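Heads up, the thing below is written out as structure tokens.
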Amino acid sequence: MTKLEQEVVMANKNLFSSLKSLLPRTDTRNEAGGRAYRLPAKHALAQLAATGCFNGTYYAAAESQLDELRGLIDQVDDNVFLAKLAVYARQRAFMKEMPAALLCALSTRDTELTHRVFERVVDNGRVLRTLFQMIRSGQFGRKSLSSSLQRAFQRWLNDASVGRLLSASIGHDPSLRDVLRMARPIPTRPKCAQSTCACSPGSVRRRR
């Protein structure tokens, strides 16, 4: 480039192109620190429910994801949306912790909806124990099973097959025994009582 050409170079085209003026300005930063667009609360919650986790990721700590989830839930005043999102996150996105967290939050708002989606979200023993752990932690407003939640846990335990209960008994802190001690299911069938007692002796009340 000659000296004359250098003198007539215009302003930075990356900053002052006509195309730039057509695009909306970014209004936030993403977890990596890059410029991004702020999403509506429902959209952001759906994105987090389908992609987030409560373990540390490359750009976000576990605590920050939990805080973000609770903040977004507080902004969404739509219990039907929360229920549908919990089902979607479990059945379509195949998440484990996020659906349990959404169901835990929903249980403090709408007990009827909680019962309607409970079995669709809690479809195995691991999710059941995860939900129990979240309830007991108090992070979503309760530290024990309400009577409504206790009935939901009892129903799940009474309807579970032997194989499902054996699978649920793998793991600890909390263990299936911990869940049984707080849920206190009353088996409706002798076979159910035998299978539950085999998985966790002494944690089931007998029907008189």
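Any read-out appearing in this document is the output of simple, stated calculations on the displayed coordinates, not a laboratory observation. Remember, predicted model here, so these are calculated numbers, not experimental data. Note that each Cβ is placed from the backbone with ideal geometry, even for glycine, and that neighbours are counted across all protein chains shown.
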Task: Proxy reagent accessibility, fewest Cβ within 10 Å first, across L176, L166 - done: L166, L176
Open item on the list: Multiplying the sequence separation of R35 and D159 by 0.36 nm and subtracting their Cα-Cα distance, what value in nm do you get?
Closed with: 39.7 nm
Open item on the list: Taking the beta-carbon count within 10 Å as an exposure proxy, list S161, S148 from fewest neighbours to most.
Closed with: S161, S148
TODO: Could you tally the net charge around D77, taking each other residue with its Cβ under 12 Å from the Cβ of D77, Lys/Arg +1 and Asp/Glu -1?
DONE: -1
- [ ] Pop a pseudo-label 7 angstrom from the Cα along the beta-carbon direction at both S147 and M182 and give the gap in nm to one decimal.
- [x] 1.9
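Using a Förster distance of 25 angstrom, determine the FRET efficiency expected from the C-beta separation of H115 and K42, and round it to 0.05. All intermediate terms of the calculation are to be shown ahead of the outcome.
Details: r = 23 Å, r/R0 = 0.93.
It comes to 0.60.
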Open item on the list: Show me, for region 95-109, the HN-Hα J-couplings you get by feeding each phi into the Karplus relation (A = 6.51, B = -1.76, C = 1.60, θ = phi - 60°), rounded to Hz, glycine and proline as x.
Closed with: 7, 10, 8, 4, x, 5, 5, 5, 5, 4, 5, 5, 5, 8, 10
TODO: Find the relative contact order for region 26-144 and round it to a whole percent, using C-alpha pairs within less than 8 Å whose residues are 6+ positions apart.
DONE: 20
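Does region 48-102 classify as rounded, prolate or oblate by the C-alpha gyration tensor (a ≥ b ≥ c root eigenvalues; a/c under 1.5 gives rounded; else a/b over b/c gives prolate, otherwise oblate)? Mind showing how you got there, number by number?
Numbers: a/c = 2.73, a/b = 1.31, b/c = 2.09.
The shape class here is oblate.
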Task: Order by protection proxy (mean Cβ within 10 Å, highest first), peptides 53-61, 149-157, 71-79 - done: 149-157, 71-79, 53-61
Open item on the list: Could you list S107, S167, S137 so that the one with the fewest beta carbons within 10 Å of its beta carbon is first and the one with the most is last?
Closed with: S137, S167, S107
